[in-house]
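Colleague: Before anything else, here's the structure in question.
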Amino acid sequence: MNEIDRQKKLLGKKGEDIALSYLTKKGYQLVARNYRFSRYGELDLVMRDGKYLVFIEVRTKKNKMYGSPLETIDYTKRRQIEKMAQLFLVKEKLSQDTFCRFDAIGIILPEKNEPEIEHIQDAFIMGD
């Protein structure tokens, strides 16, 4: 892994740490973190929010120079997350009737200032 990839991975982990802390303070409960599917990728965070099982995509950038981190969650990424969510339900033997939601968190992590956090509940709907 080259230095640029290491820096991206480190930035992503910091963003996930911040998102996890932020959501925990809001009362969410962690179910899984970085849940991997070798063929499809990984779910960043899976958490409980009341009756909902929430699949959370976390995107982190150093600045908004090239747009919001949330703008990077395109149609293809949404379909990938949906597929992994379905697989998660099967693999963990959860009912297909489980109330699920897809949230997105965008984090701007400047070097000298506090992080900016944008949380969108119901960021997208399955099949939309």
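The values are calculated or read from the model by the stated rules, or taken from the named source; none is laboratory data. Note that the structure is a prediction, hence the values are computed from the model and not measured. Here the Cβ is made from the backbone with ideal geometry for all residues, glycine too, and neighbour counts use every protein chain on show. Surface accessibility is based on the protein's heavy atoms, side chains included, excluding ligands, DNA and RNA. Shrake-Rupley method; radii C 1.70, N 1.55, O 1.52, S 1.80 Å.
Colleague: Using a 7 Å offset from the Cα along the Cα-to-Cβ direction at both E114 and Q29, what is the distance between the two label points in nm, to one decimal?
Modeller: 2.9
Colleague: Something else about it: Could you work out the Kirkwood radius for the chain, taking every pair of different alpha carbons, averaging 1/r and inverting it, reported in Å?
Modeller: It is 15.2 Å.
Colleague: Next question. Could you check how much of the accessible area of the chain is carbon and sulfur, as a whole percent, using a 1.4 Å probe?
Modeller: 51
Colleague: Accessible area per residue of the chain at 1.4 Å probe, in Å²? Display every interim value, and only then the final one.
Modeller: Values: 8080 Å² over 128 residues.
That works out to 63 Å² per residue.
Colleague: Further question on the same structure: K9: which lysines have alpha carbons under 27 Å from its alpha carbon, excluding same-chain residues fewer than 8 sequence positions away?
Modeller: K25, K26, K61, K62, K64, K77, K83, K91, K112
Colleague: Using θ = phi - 60° and the Karplus form 6.51 cos²θ - 1.76 cosθ + 1.60, what ³J(HN,Hα) does each residue of segment 26-38 get, whole Hz, x for Gly and Pro?
Modeller: 7, x, 6, 10, 6, 9, 7, 10, 6, 6, 8, 10, 3
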